[in-house]
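Engineer: My structure is below; once you've seen it, I'll send some questions.
The values are calculated or read from the model by the stated rules, or taken from the named source; none is laboratory data. These numbers come from a predicted model, not from an experiment. Cβ placement follows ideal geometry from the backbone for every residue including glycine, while neighbour counts extend to all protein chains displayed.
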């Protein structure tokens, strides 16, 4: 007989909201650093400053992962990339 009290629909809506909506998060931030970041980055809101800082943090950590590959990739000294381009 389906879902007589509508619980299924509410659960489906919950899934959609959790996946796509952004909910407010309360955290205690260092106001001096936040103000400095906003000034240096030209941000007008705390949200913009925090989002920018998070994006830069993730980018930097991903770059650091790449540096772990240094010395791991085989490099052929005699490889001539200019000649390889001519073949394509």
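Engineer: Would the range 54-77 turn up any residue that is in contact (Cβ under 8 Å) with a residue 12 or more places away in the chain, within 18 Å of the chain's Cα centre (by Cα) and surrounded by 10 or more Cβ atoms within 10 Å (Cβ to Cβ)?
Structural biologist: no
Engineer: Another question about this same structure. Would you pick out the residues in the range 42-51 that are farther than 19 Å from residue 26 by Cβ and either in contact with a helix residue (DSSP H, G or I) (Cβ under 6 Å, 6 or more places away or on another chain) or modelled with pLDDT under 95 (or both)?
Structural biologist: Listed by number, the list holds a single entry, 43.
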